[in-house]
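The values are calculated or read from the model by the stated rules, or taken from the named source; none is laboratory data. Bear in mind that the values here come from a model prediction, so they are computed numbers and not experimental data. Counting neighbours? That spans all protein chains shown, and the Cβs are built from the backbone with ideal geometry, glycine included.
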Amino acid sequence: MVDRVANLTLDTSRLDRVPPHNIEAEESLLGAMMISKDAVLTASEIVDMDDFYRDFNREVYRAITNLYSQGEPVDPVTVAEELKKMGFLEKVGGKVFIHSLVSNVPIAANAKYYATIVNNNALLRRLINAATRIATMGYEVPSDIESTIDKAEQLIFDVSKQRHKSKLSSLK
């Protein structure tokens, strides 16, 4: 058994791949949120700002949720104005991009499914990150094995907690 373990090697050929994401789902979700108040509530129960792969999609999400939490209307005009106040309007692609989010939404009623896709991809990215950190800890040949195993368990537990959070909020 020891010989088999000693001969194991980490296949790093897939580590330079693009992390899991779905830009179309992100943009469809953001567009749906500007069409439907219900979509804003649904999305905010399933995704967090950090679930978005593209940085500027995070900022659009933040603008939408800021407006919604303040009781303000959420539409392309108000979102563009909020992004302008935040200093991000031009960075995200301007008013044209914001309006394109709404015009390209397949069906706003599918917001829950778009949010689930975005969240699932974020969970996979977190899992990859945790696994990479665990592999790094193992290669550093730690002096305190028990502590290292505890840290590895905590990393996986943190990912698992996020998964359960999204499952619980989608049941509401």
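Going residue by residue through region 101-113, is there one that turns out to be buried (at least 18 other Cβ atoms within 10 Å of the Cβ), basic (Lys, Arg), within 18 Å of residue 21 (Cα to Cα) and modelled with pLDDT of 95 or more? No. Scoring residue 81 on the criteria (1) in contact with a His (Cβ under 9 Å, 6 or more places away or on another chain); (2) surrounded by fewer than 18 Cβ atoms within 10 Å (Cβ to Cβ) leaves a single failure, condition (1). When residues in region 126-150 are screened for being surrounded by fewer than 17 Cβ atoms within 10 Å (Cβ to Cβ) and basic (Lys, Arg), 1 of them pass. Candidates in region 84-100 are the residues that are β-branched (Val, Ile, Thr) and more than 17 Å from residue 43 (Cβ to Cβ); of these, the one that is surrounded by the most Cβ atoms within 10 Å (Cβ to Cβ) is 92.
When region 41-65 is limited to residues that are surrounded by fewer than 21 Cβ atoms within 10 Å (Cβ to Cβ) and more than 15 Å from residue 122 (Cα to Cα), the one that is farthest from the chain's Cα centre (by Cα) turns out to be 41. Taken over region 118-160, residues that are over 23 Å from the mean Cα position of the chain (by Cα) and within 26 Å of residue 26 (Cβ to Cβ) amount to 0. Residues that are surrounded by fewer than 23 Cβ atoms within 10 Å (Cβ to Cβ) and under 15 Å from residue 79 (Cβ atoms) within region 16-40 comprise 27, 35, 36, 37, 40, listed in sequence order.
Inclusion of residue 91 among residues that are without any contact (Cβ under 8 Å) to a residue 40 or more places away in the chain, more than 16 Å from residue 36 (Cα to Cα) and out of contact with any Pro (no Cβ under 9 Å at 6 or more places or on another chain) is warranted.
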